[in-house]
């Protein structure tokens, strides 16, 4: 693959020669979850505005606006937890550095693709996941829950939401395996399937 600077100029892809980002963010949050790191019930909502200005040393003037809602529904004493997340992000401004725009792809968004796979002025994202506790195993007097997590990730980047095209949306089914040691340790393996083939992610913590 050719190096990005051999194919594009700074004018075509702002920030490829390096950039400075100095942003101020304000968020309004509603949190009714039963746990910060391992929620099993409740609703979480967040609205965020972020401003990056040359006045404060940034390479460009731009703004991010983001809205996110997550919900958790337990069944059978939380042996099954249905999880849903919907998010929208809009980036506005001129000459916004490439990696400061709205980005999808990776272990917390579209798990059928690698990180930073899709980039544009905005994105829409929907994640659905069913966390199923298979069994509980005691290791060194510590209880570990082993979970299976089939999931569907659905989303797209676009210039703005009214410009979204149905055939641009990605549909990524997948399956995850998690080892959970409460109250705050989660080890996970997620395998998502996109048009480029399977993508595997290994990490700590729930994806959302």
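Each reported figure results from applying straightforward, stated rules to the coordinates on display, with no laboratory input. Note that the coordinates shown come from a computational prediction; the quantities given were computed from them, not determined experimentally. For neighbour counting, all protein chains shown are included, and Cβ atoms are generated from backbone atoms with ideal geometry for every residue, glycine included.
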Open item on the list: With the crude spin-label approximation of a point 7 Å out along Cα→Cβ, what separation in nm comes out for residue 46 versus residue 132?
Closed with: 3.0 nm
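For segment 38-128, what relative contact order do you get, as a whole percent, if you take Cα pairs closer than 8 Å and at least 6 residues apart?
Details: 193 pairs, mean separation 21.9, N = 91.
For segment 38-128, the relative contact order is 24 percent.
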- [ ] Return the distance in nm (one decimal) between the two label points of a simple spin-label model at residue 34 and residue 55, each offset 7 Å from Cα along Cα→Cβ.
- [x] 4.7 nm
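Pairs of alpha-carbon atoms within less than 8 angstrom and 6+ residues apart define the contacts here; what relative contact order does segment 89-208 have, in percent?
Working: 296 pairs, mean separation 28.6, N = 120.
Result for segment 89-208 is 24 percent.
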Task: residue 84 versus residue 65: modelled label distance in nm, points set 7 Å from Cα along the beta carbon direction - done: 2.4 nm
Task: Calculated semi-axes √(5λ) of the Cα gyration tensor in Å (choose from (1) 32, 19, 15; (2) 30, 19, 14; (3) 34, 20, 16), label - done: (3)
Open item on the list: So for the chain, averaging the separation of alpha carbon pairs under 8 Å that are six or more residues apart and normalising by length, what relative contact order in percent results?
Closed with: 15 percent
Task: GNM result for the chain, Cα springs below 10 Å: residue of 70, 46, 54 fluctuating most strongly - done: 54
TODO: Could you calculate the contour length gain from residue 139 to residue 17, that is, 0.36 nm times the residue separation minus the distance between their Cα atoms, to one decimal place in nm?
DONE: 38.9 nm
- [ ] Can you tell me how much longer the chain between residue 98 and residue 4 gets when fully stretched, taken as 0.36 nm per residue apart minus their C-alpha distance, in nm with one decimal?
- [x] 32.7 nm
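When you have a sec, figure out the Kirkwood radius of segment 1-83 from all distinct Cα pair distances and drop it here in Å to one decimal?
Details: mean 1/r = 0.0611 Å⁻¹.
Computed over Cα pairs of segment 1-83, the Kirkwood hydrodynamic radius comes out at 16.4 Å.
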Open item on the list: Only Cα pairs within less than 10 Å get springs; with that Gaussian network setup on the chain, which residue of 169, 124, 154 has the largest fluctuation?
Closed with: 169
- [ ] Name the residue, out of 130, 138, 68, whose mean-square fluctuation peaks in a Gaussian network model built on the chain with Cα pairs under 10 Å.
- [x] 138
